[in-house]
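Visitor: Once you've had a glance at the structure underneath, I'll fire off some questions.
The values are calculated or read from the model by the stated rules, or taken from the named source; none is laboratory data. Since this is a predicted model, take the numbers as computed values, not measurements. Methodologically, a virtual Cβ is constructed for each residue, glycine included, from the backbone with ideal geometry; neighbour enumeration extends over all protein chains shown.
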Amino acid sequence: MLKTIEKYKEGFFAMINQGDKDYNPFVEISRLKLSGETWRLMMFYIGVVQYDNRIKAYTQREIAEMTDMAQPNVSNANKALLEAGIIIKDGRDYYFSDKFVKKGLKRYKIKK
């Protein structure tokens, strides 16, 4: 695994268990009973996640156009991801929780 990661100079993306043998992010997410629209938005966010788990900024309108979702559904799905703790809002930025997704090295500090 390490050799694979070393091949990519630009970083890596992973859904990992953070070393806890009793924790699996895939199982944890499956227990949340997310709607189809929420799953779609989460997959979109995974596709545009940047280093430090920051989700690339798009307007809800842009996301709706790119995912063929209605704009209100994007808003509702985003709220569901926030409530589930999968994403975290910091000012105008959104980040994936380290509990579920990790891309690159953690360099940001979320303001509370």
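Visitor: Filtering segment 32-56 down to residues that are surrounded by 15 or more Cβ atoms within 10 Å (Cβ to Cβ), within 17 Å of Gly91 (Cα to Cα) and charged (D, E, K, R), which residue is nearest to the chain's Cα centre (by Cα)?
Guide: Arg54
Visitor: Can you name the residue in segment 52-103 that is in a helix (DSSP H, G or I) and of a type in the set (Lys, Arg) and is also nearest to Glu28 (Cα to Cα) among such residues?
Guide: Restricting to residues being in a helix (DSSP H, G or I) and of a type in the set (Lys, Arg), the top hit is Lys79.
Visitor: Yes or no: segment 26-48 includes at least one residue that is within 19 Å of Lys102 (Cα to Cα), at pLDDT below 90, of a type outside the set (A, V, I, L, M) and not in a helix (DSSP H, G or I).
Guide: Checked segment 26-48: no residue is within 19 Å of Lys102 (Cα to Cα), at pLDDT below 90, of a type outside the set (A, V, I, L, M) and not in a helix (DSSP H, G or I).
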